[in-house]
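As structure tokens, the structure follows; a few thoughts come after it.
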Amino acid sequence: EESPPRSPFSKVSKAGNIFIAGTMNITIDKERLLHDLNAVSRIGLGDHGSVTRLVFSIKELRSRQLLIHLMTQAGLKVHIDRIGNIFGRWNGGNPKAPAVLAGSHLDTVVQGGKFDGPVGVIGALEAVRSLKENKLPLSCPLEVVCFVGEESSRFGFSTLGSSLVAGVVHIKDLANAVDAHGTKLEDILSSMGIYRDNLASLKRDPASVKAYLELHIEQGPILEAKNKRIGIVTSIAAPTRFKVVYTGQADHSGTTPMEMRKDALVAAAHLIAYIEEASSEYSQMDKGRVVGTVGAMKIEPGVINAVPGKAELSVDIRSISAGAKERVARLVMDRAQEIAHLREIAVEILPIRDETPVPLDEGLLPLIKEICEEKGVAYEVMPSGAGHDAMQMAKITRAGMIFVPSKRGISHNPMEWTDPEDICLGAQILLETIVRVANEKT
Ligand code: HGY
Ligand code: MN
Ligand code: MN
């Protein structure tokens, strides 16, 4: 394969990669980036400036329509796969060469912020269209990617679109992926013509991808606390998620003596307290930080004057250490059974997903570091406590992530904020990383 065209500006960087010095002169269009980010964040706007675009909701579909429009406007070749993942391609170089992909997601949690996801999608769009407008000679195509269903908020199942592209989802994995209204994810997929036997057709041929890069807000306090502007991600924590369903007996809240009750919600309350205790204690024993959360619960009959007969908890346990996560998840499941036994009520544990923490590509770290150092940008090499599409793409290609700071570490909250200057710096560093990776000799 002929070596990438050497522009008059090219020089060999310290890392030995040929990169086109001219890229330093190709800068993103900040105004356009922030304008488009703003346009996306107006879709699904709710109380207190919150944003809600749950996967496969009208709002989320509208955000994807806007992206398709922006990609088309930028002259990218748009491909939408069967589940709705969007790929905007620029054949900047040899169209047959494996492409460099960059993107993230547009779906959100309920009453979330404006930046989680869109910063990576619009940041990637801005980087690619800036390169395309400048006709920068690259040795391979570039693709802007928007994955559907990155958030676990609706079905408990996260990184859906990227998991399908990575070919790591089997229909049986979706058995307990049900939303608050009882809609099954499996039924939504079959309404799209996606079944057990054709799920694998969504997998991307790994040979067609050179690397995947994702710009994302940190969603934590580290960059701000260390006064750094860029995070370079080493690995991504992974969740073990499951539902715990306690079934006791609904009863009259006025006539039923305490000792006769089979109160499902009180059982749940004991388990929730234990999850906090086990996760905190395990972390303090320095065996690997673990976080445990019950973010959603359903109670039946759920009225003030009836003893709850049923309580369904959605449990999310995470760690960057697989061993620590498994250990705490096991402790919690065992305690769930013990509580049911002691209270003589029934318990069911419904697995949703059990994922392994993912190391990102070590080769991309020095490359992104070099760009930050050339720009004199303070960076932090760090793990990600949040899950991302990069954790799935890392299963089929080299994957790298660039973080920008979250104000006061707040995320999944309308208060989520990242300074526009940081977003633009992140997008510029993404642009230059894309160019170096695209022009790396394979
Ligand atoms: O839940 C997460 O880790 C991410 O925000 N999807
Ligand atoms: Mn999120
Ligand atoms: Mn995200």
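Where a number appears in this text, it was derived from the coordinates with a stated rule and is not lab data. These figures come from a predicted structure and were not determined experimentally. As a convention, Cβ positions derive from the backbone with ideal geometry for all residues, glycine included, and neighbour counts pool all protein chains shown.
For the cross-link pairs 114/228; 375/407; 59/298; 210/395, which exceed 18 Å when the distance is taken from alpha carbon to alpha carbon?
114/228; 375/407; 59/298
Looking at region 105-169, which trypsin sites (Lys or Arg not before Pro) are DSSP coil and have at most 14 other C-beta atoms within 10 Å of their C-beta?
135
Would you give the gap between the C-alpha center of region 50-65 and the C-alpha center of region 68-122, rounded to a whole Å?
Computed from Cα coordinates, the inter-centre distance equals 15 Å.
Determine, for 393, 71, the number of other Cβ atoms within 10 Å of each Cβ, and report the residues in order from fewest to most.
Ordered by Cβ neighbours within 10 Å, fewest first: 71, 393.
Might you report the magnitude of the Cβ-based charge dipole of the chain about its Cα centre, with Lys and Arg at +1 and Asp and Glu at -1, to the nearest 20 debye?
So the dipole magnitude of the chain works out to roughly 1000 debye.
For the residue pair residue 365 and residue 96, what label-to-label distance in nm results when each label sits 7 Å from Cα along the Cα-to-beta-carbon direction?
3.6 nm
Would you list 125, 54, 431 from fewest to most Cβ contacts within 10 Å?
54, 431, 125
How are the C-alpha pair distances of region 202-341 spread across 5 Å bins, as whole percents from the shortest bin up?
All Cα pairs, binned at 5 Å, distribute as 2, 9, 15, 14, 13, 12, 10, 9, 7, 4, 3, 2, 1, 0 percent.
What number results when the radius of gyration of the chain, computed over Cα atoms, is divided by 2.2 N^0.38 Å? Mind showing how you got there, number by number?
Details: Rg = 23.2 Å, N = 442, 2.2 N^0.38 = 22.3 Å.
The reported ratio for this selection is 1.04.
Cα to Cα, under 17 Å, and not fewer than 8 places away if on the same chain: which aspartates and glutamates meet these conditions relative to residue 132?
Those aspartates and glutamates meeting the cut-off are 29, 143, 432.
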